[in-house]
Amino acid sequence: MTAETVDPVLFARFEPLSALRVDSRQELAHNSSIEVLQADQVLFRAAEPATRMLFVMDGTVEYRNASGAALGQVTAGSAAARHALAHQSPRRVSAYALTPVRCLSIDPSRLDILLTWDRTGSFELGELATAQISDDWMVRLLQIRSLRQIPPAHLQTLFQRMQPTRLAAGEVVIQQGAEGDFFYVLLEGRCIVTREQPGNKPVRLAELEAGACFGEEALMSEAPRNASVTALTACRLMRLSKDDFHSLLSKPLAQGITRAQAEQLIASGRARWLDVRLPAEYQHNGLPGALNLPLFMLRMKLSTLDPSVTWITTCDNGQRSAVAAFVLNQKGLNAVSLEAGLGHA
């Protein structure tokens, strides 16, 4: 069985994929694939968990019972082919390619979340009518692509837990070396990120504009703040406490995978290694073909990363790579971190 990349235009042929909005189709395509099978190959067997939804694009698939007797067929282009093959979990029947077959393979969990977002208009702001401030900040947050990875129920709690705050021009919101306490979303204004080095002037790392999120590194790594953030103009922000950040944001947005899963993705050609350690660490035991981009440089170099692939972030113990995956997902790229890091892979 081989796999191909997915054009979201294909989703119009299948239900309920055709109901997705254009941006949701594009997002789902990043987590989907096209599987190519030869005649007599097995798509799945009875009693297996339905971890993927399969739609017949070309060819004919035959259902069989436990004894191998034919139960029926699904041919591409038919009414039955508009729906996923025997998608109950566990599978009730086995499926075989009767002819050469191409199937669209979908992540059912991701589809469920996207359908929920689309069907509810992304989020029912009326449910939070008790909020003491304008709803416009919620709308701004909903425009952040990575929040689509968060179940809507968690998102409602997230909105309820966030606290508004304002900054005057020149005011420091994060001080390098301080303990991490909050995660921030910049709603209005501009901020500058700087890093101090002994004996040198502060280095300008990035400029943040409305929609930017920051402050996650220290919360996820349990390390002191590694840079300062200062308001360049009057700013309006929302902030989330450390405990709420961990329970509502960091887990959904910093996905981890095993070494075996990572290597399978790399072999498919749909993913690349991203080593977020310092150059000296990378040169010592970096993975062949990996891109080395130290964590503190990540925000500055985001525009250089290919958005069409999944980035598998790595470091020694999984801490820096988890932060990197969070940042990339928050910026709209597809990223997962290598669980436990290279030291345990």
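Please indicate, with yes or no, whether at least one residue in the range 283-300 is of a type in the set (Phe, Trp, Tyr), within 17 Å of His30 (Cα to Cα) and not assigned by TED's automatic domain parsing to the domain that holds Asn31.
Looking through the range 283-300, none of the residues is of a type in the set (Phe, Trp, Tyr), within 17 Å of His30 (Cα to Cα) and not assigned by TED's automatic domain parsing to the domain that holds Asn31.
What do you reckon, is Asp23 in a helix (DSSP H, G or I) and either surrounded by fewer than 18 Cβ atoms within 10 Å (Cβ to Cβ) or not assigned by TED's automatic domain parsing to the domain that holds Ala262 (or both)?
Judged against the criteria, Asp23 is a match.
Please give the number of the condition Cys235 fails out of (1) modelled with pLDDT of 90 or more; (2) surrounded by fewer than 21 Cβ atoms within 10 Å (Cβ to Cβ); (3) not polar (S, T, N, Q).
Every listed condition holds for Cys235 apart from (2).
Identify all residues within the range 1-20 that are in a helix (DSSP H, G or I), surrounded by fewer than 19 Cβ atoms within 10 Å (Cβ to Cβ) and of a type in the set (A, V, I, L, M, F, W, C); write none if there are none.
Residues satisfying the conditions are Val9, Leu10, Ala12, Ala19.
What number of residues in the range 51-65 are within 18 Å of Asp7 (Cα to Cα) and not hydrophobic (A, V, I, L, M, F, W, C)?
Going through the range 51-65 one residue at a time, the tally reaches 2.
Exactly one of (1) of a type in the set (Gly, Ala, Ser); (2) surrounded by fewer than 20 Cβ atoms within 10 Å (Cβ to Cβ); (3) modelled with pLDDT of 90 or more is unmet by Ala223. Its number?
Status for Ala223: all satisfied but (3).
Report yes if Val203 is surrounded by 14 or more Cβ atoms within 10 Å (Cβ to Cβ) and farther than 18 Å from Gln319 by Cβ, otherwise no.
It is false that Val203 is surrounded by 14 or more Cβ atoms within 10 Å (Cβ to Cβ) and farther than 18 Å from Gln319 by Cβ.
Can you name the number of the only condition in (1) part of a strand (DSSP E or B); (2) modelled with pLDDT of 90 or more; (3) not aromatic (Phe, Trp, Tyr) that Ala178 fails?
(1)
Test of understanding: among Ala29, Ala39, Ala69, which residue is loosely packed, with under 14 Cβ neighbours inside 10 Å and in contact with a Leu (Cβ under 9 Å, 6 or more places away or on another chain)?
Among Ala29, Ala39, Ala69, only Ala39 is loosely packed, with under 14 Cβ neighbours inside 10 Å and in contact with a Leu (Cβ under 9 Å, 6 or more places away or on another chain).
With respect to Arg161, is the statement that it is farther than 20 Å from Ser241 by Cα, surrounded by 13 or more Cβ atoms within 10 Å (Cβ to Cβ) and either out of contact with any Leu (no Cβ under 9 Å at 6 or more places or on another chain) or at pLDDT 85 or above (or both) true?
no
Collect the residues in the range 319-345 that are under 12 Å from the mean Cα position of the chain (by Cα) and either not assigned by TED's automatic domain parsing to the domain that holds Met297 or not in a helix (DSSP H, G or I) (or both), keeping them in residue-number order.
Lys331, Gly332, Leu333, Asn334, Ala335, Val336, Ser337
Name the helices (runs of 4 or more DSSP H) wholly within the range 239-318 that hold at least 2 residues that are touching a helix residue (DSSP H, G or I) at 6+ places or on another chain (Cβ under 9 Å) and crowded, with 18+ Cβ neighbours inside 10 Å?
Where helices (runs of 4 or more DSSP H) fall fully within the range 239-318 and carry at least 2 residues being touching a helix residue (DSSP H, G or I) at 6+ places or on another chain (Cβ under 9 Å) and crowded, with 18+ Cβ neighbours inside 10 Å, they are 242-245.
The values are calculated or read from the model by the stated rules, or taken from the named source; none is laboratory data. No experiment lies behind these values; they were computed from the predicted model shown. As a convention, Cβ positions derive from the backbone with ideal geometry for all residues, glycine included, and neighbour counts pool all protein chains shown.
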